[in-house]
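What follows draws every value from the coordinates through simple rules; no lab data is involved. All values derive from a computational prediction rather than experimental measurement. Cβ placement follows ideal geometry from the backbone for every residue including glycine, while neighbour counts extend to all protein chains displayed.
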Amino acid sequence: MTTVAQKPAEPYEVVRVQVPKRSLNSELRAIKIVWRRELIRFVNDRMRIVTSLVQPFLFLFVLGGGLQQLASAGTHGVDLKTFIYPGILCMTVMFTAMFSAASIVWDREFGFLREMMVAPVRRSSIVIGKCLGGATVAAFQGVIVLAIAGLVHVPYSVGLILGALGLQLLLAFAITAFGLAVAIRIKQMQSFMGVMQMIVMPMYFISGAMFPAQGLPTWLTVLNRVDPLAYAVDPMRRLVFSHLNISPIARHVLDPGLSWWGWQMPALLEAAVVLVLGLGLLVVAIWEFSRTE
């Protein structure tokens, strides 16, 4: 019986994996990829696009139309839907931006976040990409509501459209950064939704989107001045009302502006407050995400 001599097993060849060095271009590419992923996810979810518009339309046409008879004496001839329209523009952006931040909770639950965290890029690039993606999606939703301005007696103009788009982008950026700062520490989607409902609705109603910011009770005035959304609603209302042909009395009552101890804040300063808040919240989100295991 002959035996066949077995050849000694050849050692496995070690394949070296080279991780590219971090550079500005690689970080920008990572931001672009995360931003693009958020947009693709939004475009492919048509139901999300439709359902996110239901609440603004209910507030604008059902609530605004239903309360018109009751509020006609206090609006000095201005349609109630016209008065609340600037707040609806901000509400659309706020809700969409806040729930766009929920994508980080979904990614954590399904394991995709772990894959992004081991990528050879800074974690700050991931957060910035998600923030820009959520802000873009929210601003797009705001454009849809901006397109129906004529239905609420707001005339179209280039200045109105450009100004509203700029304010919507600032607000979308700030709210998305805020949502990310909250979502990074939350493990389950149900918990995030509960926290958002607890924060979003009070923030919206206190902001002055449904009522003028002057002549309020002291406690409500204090809450209004510390509400970040108020500093987006007020310049948006000023912008819209600057294109309306209404009486001076109606303008004074319905568009009084935000003031601190009798000093009225300029609209540009209010927009700057929103921008600074957004940048600060983005820094907080990056810091929290960098500490996440």
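In the elastic network of the chain, a GNM with C-alpha springs shorter than 10 Å, the most mobile of F173, F205, F83 is F205. Seen from W287, the other residues with C-beta closer than 12 Å to its C-beta sum to a net charge of +2, counting Lys and Arg as +1 and Asp and Glu as -1. Rounded to the nearest whole Hz, the Karplus-based 3J(HN,Hα) values (6.51 cos²θ - 1.76 cosθ + 1.60, θ = phi - 60°) of segment 277-289 follow the sequence 4, x, 5, x, 5, 5, 4, 4, 5, 5, 5, 5, 5, with x at glycine and proline. Label separation (S26 vs W263): 4.8 nm, computed from points 7 Å beyond Cα along the C-beta direction.
The distance linking segment 225-256 with segment 82-147 is 27 Å (Cα centroid to Cα centroid, whole angstrom).
Measuring nothing but how far apart in sequence close Cα pairs (under 8 Å, 6+ apart) lie, relative to its length, segment 90-145 scores a relative contact order of 64 percent. In deg cm²/dmol, rounded to 500, what helix-only [θ] at 222 nm does the chain give when every DSSP H run of at least 4 residues adds -39500 (n - 2.57) and the total is split over its residues? Computed ellipticity for the chain at 222 nm equals -21500 deg cm²/dmol.
Gaussian network model of the chain, Cα springs within a sub-10 Å range: biggest mean-square fluctuation belongs to which of I199, I161, I104? Of the options given, I199 has the highest mean-square fluctuation.
Other residues whose C-beta falls under 14 angstrom from the C-beta of R225 contribute a net charge of -3, scoring Lys and Arg +1 and Asp and Glu -1. Across segment 161-291, the relative contact order, built from alpha-carbon pairs under 8 Å that are at least six residues apart, equals 43 percent. Structure remark: mean-square fluctuation, Gaussian network model of the chain, C-alpha springs under 10 Å; the largest value among L63, L229, L132 belongs to L63. Spacing of the modelled spin labels on Q190 and L279, each 7 Å from Cα toward Cβ, amounts to 4.1 nm.
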